[in-house]
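Here's the structure we're looking at; comments come further down.
Every read-out reported here was derived from the displayed coordinates using simple, explicitly stated rules and does not represent laboratory data. What you are looking at is a predicted structure, and each value in this text was computed from that prediction instead of being measured. Cβ coordinates were reconstructed from backbone atoms using ideal geometry, including for glycine residues, and neighbour counts include every protein chain displayed.
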Amino acid sequence: MRWISGDRFLWGVAGALSLMGLLVVYSATVSLVFRHHPTFPEYYLIKHFLTLLIAFLGTYAIHHTDYRRWGPILEVLWWVSLVLLGYLFFRGGSGRWLYIGGMSFQPSELARFSLMGMLAYRIAREPDVLRSWQSLWPLLVRIGLTFVLIAPQNLSGGMLLLFTVVLFLYIAGLSLGKIGRLFFVGLFFVGVLFLVAPRARVWQSRIVAYLKGENTPSTGMADDYQRVHASIAVFSGGIVGKGPGRSTQRYYLPQSYSDFAYSILVEEYGLIGGLLMWGLYTLYFWRLAALASVVEGFARLFLIGIILHGLMQVIVHIGVNIEVFPITGVPLPWVSLGGSSLFIQALGLGIALGISRRVV
């Protein structure tokens with residue numbers, strides 16, 4: 001293993017989470033197999049494995065680069081993501097994905113990640129930028145543009161972005177007074193979107209389904225249906241679960257291999273499997289935090305950014321699956337099927353490992 005440098009503990013934990021993802025994807029994609037590849041039951045397992053392989057090869061290549069070069073690169077990637085989001089925004093419709101050569105890509109994933117990296121780069125380069133509204137304004141415009149292009153079709157993603165950015169700015173040194181003012185401004189824009197955006201009725205139905213909290217999908221609403229079947233999956237798993245490949249709710253839950261991956265994991269591997277996943281994520285973010293505590297400048301701020309970016313996704317995904325939050329579509333990092341989220345996680349890990357090479 002001499003060819004692997006950097007923090008090997010991080011390599012190991014990311015690999016363990018990916019293995020759990022393979023187990024979930026193989027079981028949860030059974031309905032997709034029946035519809036699209038009935039003669040090739042391993043299709044999505046192999047596809048996900050190859051995606052993981054490409055992602056980790058990318059991580060390996062990136063972790064050998066100088067992490068200091070990634071600040072300007074992430075700013076360029078943010079501009080690229082903004083152009084792609086703008087294309088989707090002005091094209092209209094409800095699409096969140098771009099389809100290129102038969103492959104799909106979700107620009108909002110890149111936008112959220114690159115925004116955090118760009119903010120880390122800007123603040124590290126100009127530490128006084130958070131002290132006055134005049135110097136802070138250019139950053140707020142960038143944050144606002146990203147939110148406006150994401151939120152109309154994905155309000156939960158936009159709100160997650162705002163919450164993560166506010167936490168990041170607070171840790172970076174923004175005063176509570178400024179954060180309070182920004183909170184009310186953000187709340188106003190979220191309220192406007194909740195009333196007039198094209199998907200406003202979808203968001204309203206999700207809040208209604210969440211607040212009703214009934215045990216049967218009596219309303220017939222899609223979000224109520226998803227909530228109920230996710231709960232059935234979690235509670236029927238018990239302590240040890242039903243066993244690998246024995247989930248019943250995978251036949252009923254839409255996006256069981258993505259937005260409801262945790263429900264399927266707990267149904268098949270029980271409370272033990274759910275706690276094991278929590279433990280792996282705890283180790284993963286703890287290791288990144290330990291690394292952030294021994295570096296300064298861009299490296300420290302970037303690590304804080306990717307911790308918040310990943311941690312918020314984990315909390316929201318699991319919270320939705322256990323009925324703590326209303327239904328929303330957030331993939332589980334390193335586990336859910338889908339290349340956009342996985343490649344972004346791999347990019348963040350690669351840069352973090354590049355930082356660790358300097359201190360490990």
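Residue ranges 116-122, 272-278, 129-135, 84-90 sort as 116-122, 272-278, 84-90, 129-135 when ordered by packing (mean number of other C-beta atoms within 10 Å per residue, highest first).
Toward the positive end of the charge dipole of the chain, with +1 on the Cβ of Lys and Arg and -1 on the Cβ of Asp and Glu, the farthest Cα among SER356, TRP133, GLN249 is that of TRP133. Based on Cα contacts under 8 Å between residues 6+ apart, the chain shows a relative contact order of 30 percent.
The HN-Hα couplings worked out from phi for region 242-259 by the Karplus form 6.51 cos²θ - 1.76 cosθ + 1.60 (θ = phi - 60°) are 7, x, x, x, 10, 5, 9, 6, 4, 7, 10, 7, x, 6, 5, 8, 10, 5 Hz, whole numbers, x standing for Gly and Pro.
3J(HN,Hα) along region 31-42, derived from phi through the Karplus expression 6.51 cos²θ - 1.76 cosθ + 1.60 where θ = phi - 60°, amounts to 5, 5, 4, 4, 7, 10, 9, x, 9, 9, x, 8 Hz, with x in place of Gly and Pro. Taking the Cα centre of the chain as reference, the dipole from Cβ charges on Lys and Arg (+1) and Asp and Glu (-1) amounts to some 480 debye. For region 254-310, rounded, prolate or oblate, judged on the Cα gyration tensor with a ≥ b ≥ c (square roots of eigenvalues), a/c < 1.5 rounded, else prolate if a/b > b/c? Oblate shape, in that a/c is at least 1.5 and b/c is the bigger or equal ratio. Taking a ≥ b ≥ c as the square roots of the eigenvalues of the Cα gyration tensor of region 265-360, is the shape rounded (a/c under 1.5), prolate (a/b larger than b/c) or oblate? Prolate, because a/c is 1.5 or more and a/b exceeds b/c. In units of the rule-of-thumb radius 2.2 N^0.38 Å, the chain shows an alpha carbon radius of gyration of 0.99.
Spatially, region 18-76 and region 108-170 are offset by 27 Å when compared through their Cα centroids. Legend: helices of the chain (whole DSSP H runs) are marked when their alpha-carbon atoms reach 15 angstrom or more along the helix axis and their mean Kyte-Doolittle hydropathy is at least 1.0; marked are 8-28, 43-62, 70-91, 133-150, 155-172, 176-196, 261-292, 297-321, 339-356.
Largest GNM mean-square fluctuation among VAL295, VAL141, VAL24, using the chain with Cα springs under 10 Å: VAL141.
Classify region 1-145 as rounded, prolate or oblate from the Cα gyration tensor: take a ≥ b ≥ c as the square roots of its eigenvalues, call it rounded if a/c is under 1.5, otherwise prolate when a/b beats b/c and oblate if not. Don't skip to the answer; put the middle values down first.
Details: a/c = 2.87, a/b = 1.42, b/c = 2.02.
Oblate shape, in that a/c is at least 1.5 and b/c is the bigger or equal ratio.
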